[in-house]
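Enquirer: Below are the structure tokens for one structure; questions will follow.
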Amino acid sequence: MRVGVPKEIKPGEHRVGLPPTAVREYVARGHQVLVETTAGLGAGYSDETYMRAGATIAPDAAAVFAGSDMIVKVKEPQKVEWERLEPRHILFTYLHLAPDPAQTEGLIASGCAAIAYETVTDAKGGLPLLAPMSEVAGRIAVFSAAETLLKHNGGMGLLLCGVPGVPPARVAVLGGGVVGMNAARMAMGLNAEVVVLERSIPRMRELDDIFMGRVLTRYSTLDAIEEEILKADVVIGAVLTAGAAAPKLIKRGDLARMKPGSVLVDVSIDQGGCFETSHPTTHAEPTYTVDGVVHYCVANMPGAAPRTSSEALVHATLPFGLALADHGLEALAKDKHLAKGLNVLTGELTHPAVAEALGKPFVDPYGAWA
């Protein structure tokens, strides 16, 4: 198969869909890989490195799309990219369609097969292609929160870790999944006072064991959320329903009662955000303030660490990408977990949560949801 890797064009995005090590794996399986010139520079990979791995360098994105059967990216396609997609294309990338009707309509109109990293599952019910970026985002969320708390960045002027005689910040993490666990780990490591709000009792027991009781866990009721956000200096939103829009756990009316200069970090922003006042921001302009509360809502947090993120991501995506290159869409018939990654096929939505969020009909061409 002809596999194409265009340069990411979303603002602040420096990751790349396939590092040179992954290109070599595709080439060793007999596939051709076409990489847009300078696609890997943001992550530290030169065109020469790609050529040594067996790739052909294309002069621009148009040549990549025209010369490829499968497009491997990191972030969701932008308008100029979805307009280049055709029915012959397989698109393999993060999509996050539930809060993005424009992209959804663009993919439907293209007729392509669009497979979303974030809805591929595994035998344990996990999201293996979302997990590595969730690990990165959870850790970056704490570093970003610590920086945002500083006075010159709009925060209350509080040092996250405190100093002897002065208590550290209190960090409330909404959700105990991969993002939440990694955020709690980083915050605890920086000596912050940490509470994780979660609805799975087995998961809370697991977190209690992992952190040896050093992180407080609370069952996530409306009362518990209200109590904790009023006490918190930092709130990290880390909730996820696969394919669906994130639930709004903090309302506009809550902000006036929170601490002035406190910080909200919305890691769920790619799925629409879990705070009512969230809207996507960029690494160049990461924050804004509503009712005295600073919001950090960067939509591609792992893009700040493109070398780490690109390598971590491809370690998870490579087996699935190779299966698609080897077998085309037949790979979906062979693997129901990969089939759950299919969001759009020949102009129809194929993931139930995405369809429900957008109020559109849903089809199940590979029996993934039977």
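The values are calculated or read from the model by the stated rules, or taken from the named source; none is laboratory data. Just so it is clear, the model here is predicted, and its values are computed rather than measured. Cβ sites come from the backbone with ideal geometry, for glycine too, and all protein chains shown count toward neighbours.
Enquirer: Quick check on my filter: what residues within region 161-179 are closer than 17 Å to Gly237 by Cβ and hydrophobic (A, V, I, L, M, F, W, C)? Even if it seems obvious, please write down each step before you answer.
Expert: Initial filter on region 161-179 (closer than 17 Å to Gly237 by Cβ): 169-179.
Correct list: Ala169, Val171, Ala172, Val173, Leu174, Val178, Val179.
Enquirer: If you take the residues in region 70-126 that are farther than 18 Å from Ala368 by Cβ and small (Gly, Ala, Ser), which one is surrounded by the fewest Cβ atoms within 10 Å (Cβ to Cβ)?
Expert: Here the answer is Ala102.
Enquirer: Which of the residues belonging to region 74-103 are in contact with a strand residue (DSSP E or B) (Cβ under 7 Å, 6 or more places away or on another chain) and either more than 24 Å from Ala357 (Cα to Cα) or among the aliphatic types (A, V, I, L, M) (or both)?
Expert: Val74, Leu85, His89, Ile90, Leu91, Leu95, Leu97, listed by residue number.
Enquirer: Right, something else. Given the options Glu330, Glu285, name the one that is within 30 Å of Met1 (Cα to Cα), without any contact (Cβ under 8 Å) to a residue 24 or more places away in the chain and surrounded by fewer than 16 Cβ atoms within 10 Å (Cβ to Cβ). It would help to see each step written out before you state the result.
Expert: Values: Glu285 fails: within 30 Å of Met1 (Cα to Cα).
Criteria check complete, one pass: Glu330.
Enquirer: Return the residues of region 232-284 that are closer than 15 Å to His96 by Cβ and of a type in the set (D, E, K, R); say none if nothing qualifies.
Expert: Hits for region 232-284 are Asp266, Asp270.
Enquirer: Just wondering, is there one or more residues in region 148-169 that are under 28 Å from Val314 (Cα atoms) and aliphatic (A, V, I, L, M)? I'd like the intermediate steps shown before the answer.
Expert: Kept after step one, since they are under 28 Å from Val314 (Cα atoms), are these residues of region 148-169: none.
Looking for residues that are under 28 Å from Val314 (Cα atoms) and aliphatic (A, V, I, L, M), one finds none in region 148-169, hence no.
Enquirer: Can you pull out every residue in region 105-153 that is under 11 Å from the mean Cα position of the chain (by Cα) and under 30 Å from Thr289 (Cα atoms)?
Expert: Glu118, Leu130, Ala131, Pro132, Met133, Ser134, Glu135, Val136, Ala137, Gly138
Enquirer: Being surrounded by fewer than 23 Cβ atoms within 10 Å (Cβ to Cβ) and either modelled with pLDDT under 95 or under 26 Å from Ala357 (Cα atoms) (or both) is true for just one of Ala245, Ala224, Ala238. Which residue is that?
Expert: Ala245 is the lone residue from the list that is surrounded by fewer than 23 Cβ atoms within 10 Å (Cβ to Cβ) and either modelled with pLDDT under 95 or under 26 Å from Ala357 (Cα atoms) (or both).
Enquirer: Still on this model: Output the residues belonging to region 1-38 that are part of a helix (DSSP H, G or I), surrounded by fewer than 19 Cβ atoms within 10 Å (Cβ to Cβ) and in contact (Cβ under 8 Å) with a residue 60 or more places away in the chain. Steps first, please.
Expert: Looking only at region 1-38, we keep the residues that are part of a helix (DSSP H, G or I), and these are 20-28.
With surrounded by fewer than 19 Cβ atoms within 10 Å (Cβ to Cβ) added as a condition, the list becomes 21, 24, 27-28.
Matches in region 1-38: Thr21 only.
Enquirer: Could you please let me know if Thr350 is over 23 Å from Ser134 (Cβ atoms) and either surrounded by 24 or more Cβ atoms within 10 Å (Cβ to Cβ) or under 23 Å from the mean Cα position of the chain (by Cα) (or both)?
Expert: Working: over 23 Å from Ser134 (Cβ atoms): yes; either surrounded by 24 or more Cβ atoms within 10 Å (Cβ to Cβ) or under 23 Å from the mean Cα position of the chain (by Cα) (or both): yes.
Here the answer is yes, as Thr350 does meet what is asked.
Enquirer: Additional query: Limited to region 197-220, what total is found for residues that are closer than 19 Å to Asp266 by Cα and either outside the structural domain of Pro168 (by TED's automatic domain parsing) or free of Cβ contacts under 8 Å to residues at least 24 places away in the same chain (or both)? Can you show your working first?
Expert: Taking region 197-220 and keeping what is closer than 19 Å to Asp266 by Cα, we get 197-199, 220.
Pick out the ones that are also either outside the structural domain of Pro168 (by TED's automatic domain parsing) or free of Cβ contacts under 8 Å to residues at least 24 places away in the same chain (or both) and you get 198-199.
So the count comes out to 2.
Enquirer: Is it true that Val64 is among the aliphatic types (A, V, I, L, M), within 21 Å of Gly328 (Cβ to Cβ) and without any contact (Cβ under 8 Å) to a residue 40 or more places away in the chain? Full working, then the answer.
Expert: Working: among the aliphatic types (A, V, I, L, M): yes; within 21 Å of Gly328 (Cβ to Cβ): yes; without any contact (Cβ under 8 Å) to a residue 40 or more places away in the chain: no.
Answer is no for this residue.
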